[in-house]
Each structure stands twice: as C-alpha cells, then as structure tokens.
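A.B. asks: After the structure tokens below, expect a handful of questions from me.
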Amino acid sequence: MTKHQKAIFCMLLAGILFSLTEVAMKKINADLNGVQVNATRYFLCGLFLMPWSRARLKAMKTHITAAQMKLCALLAFSGITIVGPLYQMSSATLGAANTGVIFSSTPLFIIMLAALILHTPVTGREAIALAMQVLAIAILVDPFHMTMDPVGVAALLLCVVCYSLYAVGGKKLMPALGSITVTAWSFFWGGVQLLGIAGLSHIPAVAQWLTVRGFANYAYVPLFTGYTWDNLPWVLVLYIGVTLVAFLSWFLAIEWGGVALGSLTYFIKPALSPVFALIFVGEPITTKMLIGMALMIGGAFVALKK
C-alpha cells in the first residue's frame, strides 16, 4: 500500500468513526455523566499519546516551553472542558443526526476565526461555503418555527465556536510542536480540568448550589460507576474509536496526504451521521434534514475545490 493509499484509508476511517460520535454519546448518556465521560476519555487518551509526543519533539529537536504548556491548557479549557459535556448534552436533546450535521460546519467557522485571529486571508469560495453552511443550520434549527430545544441549540453553537477557537489556537502551536504534541497535552489538560470539576462537585456546598439552580446532573459527578456490559460497546467506540483512533487517523491522513485530503472527513460526517442515527437510534431522516445535509456537503465541496 502506497503512502497516498494509506492516507485515503486513514481519512475514510476517521470520517466513519467521527460520524459515530453523536450516536455513541446518545447511547451512553442515560448511564454516564457528561463530565465523567469526557474527563475519563480525554485524560486517558492524553496519557496514551504522551510517548508519541516525546518521540515527535525529539525528532524535531525541540521541547515544550512553559508558555506553550499554558496555551495548551487554555486551549483544552475551550475545546474540551467546555465542549465535551455540552456536546454530549446536545446529542441527547437535539438528536444525534442534527448535532452531527450542525457540528460539521466547524471547519468553516475555523476559517473565519483564523482570519480574525491569525489574519489568514478568506477566499471568495470560503465565504460562499460559510454562507451555505449557515443557511443549512438555519434550515435545521428553523428559528421561526422552533421545534428544537433552544438550550440545546445554544449549547451546540457555543460548542462550534469554542472548538473552532481550540482548532485555531492549536494551528498556531502546531508548527513549533507538531500536531501530536498539541493534541496529547490539550487532551491531558482537558481531562485534568474535567476531573477537577468532578472533584469540586462532591463538595456539599457546591453540590447544593448546583442542585438548587437546576444543575443536579453536575452535582456529585461519578467517575467509576455507570459502566455496564450493555453500554460497554458504545463506551469503547467513543473512548477508543473516536477519541484515539479517529484523531490519530485524521492526523496521519493530513501528514501523508495533505490538509485537503484530511478535510474530506467533513464530507463524510454530515452524510453518515444521520444514517448512523437512523440505524442505531431510530432517528428519521426528514426532508429538512436532507436539505441541511446537502448544503453542508455542498459547502464543504465549494470550500475544498481547487
């Protein structure tokens, strides 16, 4: 198998696994707390990636500085500590299909934020693609005849913005440290931060404050309970398949085939997420969903077409 063929295989694998994210989250949401799930999966995967990070830094003949470490921790707060639990909540309240399709607009928001923060030029094609994907979100959400949970929609849009900030900040660090190092340390710090939140939730005064204000789900966050033989397959899909294998495959696809090839995963996700949601959780694919899917895929095509 040539390097290009390996890159294509990794891209397809990443796209398929990323498309299972929302289904897996919805499947385990009733049994496992959102903070618990994301604290565990990111902390463990961050630790697993550390040897790869050390090898990469050694090959680059560099090391991570205190300032870079602080930025990794800040990026983790934006892209993991905030996004992880809220994204799982969105998958449960809005449905796996809607969540997956709307979140597929993230790459275009990354382009816009990169233009504002890194002063990266935005092409006319990218602007058209963003407009198409914003239109897709408007059709799915239908603000004039709102049927989706508004709190879930707000949480998901916050996830898109925060994850885009995480990606833009990571892009700024990657030339100096490499993608594996940025991912390993941001995963690790995101896991540590969420473990800290879980620990704080066991302080009686904090737990009572959360409960009184309607956030009882975030009081006394468990870490080791809730796992069953029934939900184990979906736990493994999310913890190992999505968090570890999909991210590694995606980075390898970019490394071996280039950014354009790696970005093709965003063609796959809005197409496959609703199909997986139909198969595994019985969510119907409506006409509105088909239009949103078409606009998302079309926007990705416009943005990536040379």
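The values are calculated or read from the model by the stated rules, or taken from the named source; none is laboratory data. None of the values given here were measured: they were computed from a predicted structure. Heads up, the Cβs are rebuilt from the backbone with ideal geometry, glycines too, and the neighbour counts pull from every protein chain shown. Please note that ligands, DNA and RNA were not included when accessible areas were found on the heavy atoms of the full protein model with its side chains. Shrake-Rupley method; radii C 1.70, N 1.55, O 1.52, S 1.80 Å.
A.B. asks: Can you tell me which residues in region 174-198 are of a type in the set (A, V, I, L, M) and open to solvent by less than 10 Å² (accessible area, probe 1.4 Å)? Step through it out loud before you land on a result.
C.D. replies: Going through region 174-198, the residues of a type in the set (A, V, I, L, M) turn out to be 174, 176-177, 180, 182, 184, 192, 194-195, 197-198.
Within region 174-198, 177, 182, 184, 194, 198 qualify.
Conditions (1) buried (at least 18 other Cβ atoms within 10 Å of the Cβ); (2) under 25 Å from residue 284 (Cβ atoms); (3) of a type in the set (Asp, Glu), marked per residue:
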site: 28; (1), (2), (3): yes, yes, no
site: 45; (1), (2), (3): yes, no, no
site: 48; (1), (2), (3): no, no, no
site: 59; (1), (2), (3): no, no, no
site: 78; (1), (2), (3): yes, no, no
site: 95; (1), (2), (3): yes, yes, no
site: 99; (1), (2), (3): yes, yes, no
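A.B. asks: Please tell me if residue 133 is at pLDDT 80 or above and open to solvent by less than 40 Å² (accessible area, probe 1.4 Å).
C.D. replies: Working: at pLDDT 80 or above: no; open to solvent by less than 40 Å² (accessible area, probe 1.4 Å): yes.
It is false that residue 133 is at pLDDT 80 or above and open to solvent by less than 40 Å² (accessible area, probe 1.4 Å).
A.B. asks: Test residue 61 against the criterion of being of a type in the set (D, E, K, R) and free of Cβ contacts under 8 Å to residues at least 24 places away in the same chain, and give yes or no. Don't jump to the end; show me each part of the working.
C.D. replies: On the way: of a type in the set (D, E, K, R): yes; free of Cβ contacts under 8 Å to residues at least 24 places away in the same chain: yes.
In short, yes.
A.B. asks: Could I ask something else about it? Scan region 37-58 residue by residue and report those that are within 18 Å of residue 176 (Cα to Cα) and in contact (Cβ under 8 Å) with a residue 24 or more places away in the chain. Even if it seems obvious, please write down each step before you answer.
C.D. replies: Here is the first cut: in region 37-58, the ones within 18 Å of residue 176 (Cα to Cα) are 49-58.
49, 50, 52, 53, 56, 57, listed by residue number.
A.B. asks: Of everything in region 279-292, what is closer than 19 Å to residue 139 by Cβ, in a helix (DSSP H, G or I) and open to solvent by 20 Å² or more (accessible area, probe 1.4 Å)? Give them in sequence order.
C.D. replies: So in region 279-292, the residues closer than 19 Å to residue 139 by Cβ come out as 283-292.
Now narrow it down to the ones that are in a helix (DSSP H, G or I): 287-292.
287, 288, 290, 291, listed by residue number.
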